[in-house]
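The values are calculated or read from the model by the stated rules, or taken from the named source; none is laboratory data. Everything numeric here is computed off the predicted structure, so don't read it as measured data. Note that each Cβ is placed from the backbone with ideal geometry, even for glycine, and that neighbours are counted across all protein chains shown. Surface areas here come from the heavy atoms of the whole protein model, side chains and all, with no ligands, DNA or RNA. Shrake-Rupley method; radii C 1.70, N 1.55, O 1.52, S 1.80 Å.
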Amino acid sequence: MALLKETAALALPDWCLAAGFVRNLVWDRLHGYSKASPLNDIDVIYFDASLTCESRDQAYEDRLRDKIPVPCSVKNQARMHIRNGDRPYHSSVDALSCWVELETAVGVRLAKGRVEFIAPFGLAPLFSGTITLNTKCRNPQAFTRRVERKNWREIWPNLQVVKEHGISSI
């Protein structure tokens, strides 16, 4: 909650904490872990088409660094389509809908003091114990590389990898 409150204080438009912040917590619980798996960083996304310079993201990261003991990666999704080779995004949820895995495409934010989930594919994939390739992903090799590089199967051994044609043994 402290992380959500500090990020909410930035008053970013259309924002959420996403990716491992939500995904890892759920996968830890599915595996019965009593301690949270460490995060490399906290992904903060927002959408503001009126000002897309990277220096603005850096300024937000600097502000959060003073408040939060975990490094944050702040990215305005209004420009991330260029890096990802996608059509321009229209919102944070639209950007999430293009992320590589369904389970990573989940965010959470505080809205009027209440926790709100942003999940273009719903929450069911996240709670199903799978790592699922997003069919919007133009580069399925990126999916395979991410699964291997991030060691998800070692950290959470009960996860099943799902590609387009069913369960895989990556």
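Quick one: dipole size for the range 75-170, taken about the Cα centre, charges +1 on Lys/Arg Cβ and -1 on Asp/Glu Cβ, in debye to the nearest 20.
That gives the range 75-170 a dipole magnitude of about 340 debye.
First measure r as the distance between the Cβ atoms of residue 51 and residue 142, then evaluate 1/(1 + (r/R0)^6) with R0 = 41 Å and state the FRET efficiency to the nearest 0.05.
E(calc), rounded to 0.05, equals 0.90.
Taking 8 Å as the Cα distance limit and 6 or more residues as the minimum spacing, I'd like the relative contact order of the chain as a percentage.
For the chain, the relative contact order is 21 percent.
Rounded to the nearest percent, how much of the accessible area of the range 11-170 (1.4 Å probe, protein heavy atoms only) is carbon and sulfur?
Ligands and nucleic acids excluded, carbon and sulfur give 52 percent.
To the nearest 20 debye, what is the magnitude of the charge dipole of the chain about its Cα centre, counting +1 on the Cβ of each Lys and Arg and -1 on the Cβ of each Asp and Glu?
The dipole magnitude comes to about 160 debye.
Taking H as built 1.01 Å from N, whose amide H comes closer than 5 Å to the amide H of residue 160, not counting residues under 5 places away?
Under 5 Å from the amide H of residue 160: 130, 131.
Give me the orientation-averaged projected area of the Cα convex hull of the range 52-103, in nm², one decimal.
Reported value for the Cα convex hull: 4.3 nm².
In the calculated pair distance distribution of the range 6-79, what percentage of Cα-Cα distances lie above 17 Å?
46
Among residues other than residue 82 whose Cβ falls under 13 Å from its Cβ, what is the net charge (Lys/Arg +1, Asp/Glu -1)?
Charge balance in the 13 Å sphere: +2.
May I ask which residue of 122, 38, 157 lies farthest towards the positive end of the charge dipole of the chain, with charges of +1 (Lys, Arg) and -1 (Asp, Glu) on Cβ and the Cα centre as origin?
Toward the positive end, the furthest listed residue is 157.
Please list, in order, the residues from the range 6-37 whose amide nitrogen is less than 20 Å from a point placed 7 Å along the Cα→Cβ vector of residue 151.
20-37, by backbone N distance to the label point.
Quick check on the range 38-170: of the DSSP beta bridges with both residues there, what percent are antiparallel, nearest 5%?
Restricted to the range 38-170, the bridges split so that about 55 percent are antiparallel.
With Cβ to Cβ distances under 14 Å as the rule, what net charge do the other residues near residue 126 carry (K, R +1; D, E -1)?
-1
Going by the alpha-carbon gyration tensor, a ≥ b ≥ c the square roots of its eigenvalues, is the chain rounded (a/c under 1.5) or, if a/c is not under 1.5, prolate (a/b greater than b/c) versus oblate?
Judged from the Cα gyration tensor, the chain comes out oblate (a/c at least 1.5, b/c at or above a/b).
For a protection proxy built on the mean count of beta-carbon atoms within 10 angstrom, sort 154-163, 31-40, 14-23 highest first, please.
14-23, 154-163, 31-40
Based solely on its DSSP helices, what 222 nm [θ] is calculated for the chain when runs of n ≥ 4 H residues each add -39,500 (n - 2.57) and the sum is averaged over all residues, nearest 500 deg cm²/dmol?
When only DSSP H runs of four or more count, the value is -9500 deg cm²/dmol.
Expressed in nm², what is the orientationally averaged projection area of the convex hull enclosing the Cα positions of the range 57-146?
Averaged projected area of the range 57-146's Cα convex hull equals 7.3 nm².
Taking only protein heavy atoms into account and a 1.4 Å probe, give the accessible area per residue of the chain in Å².
53
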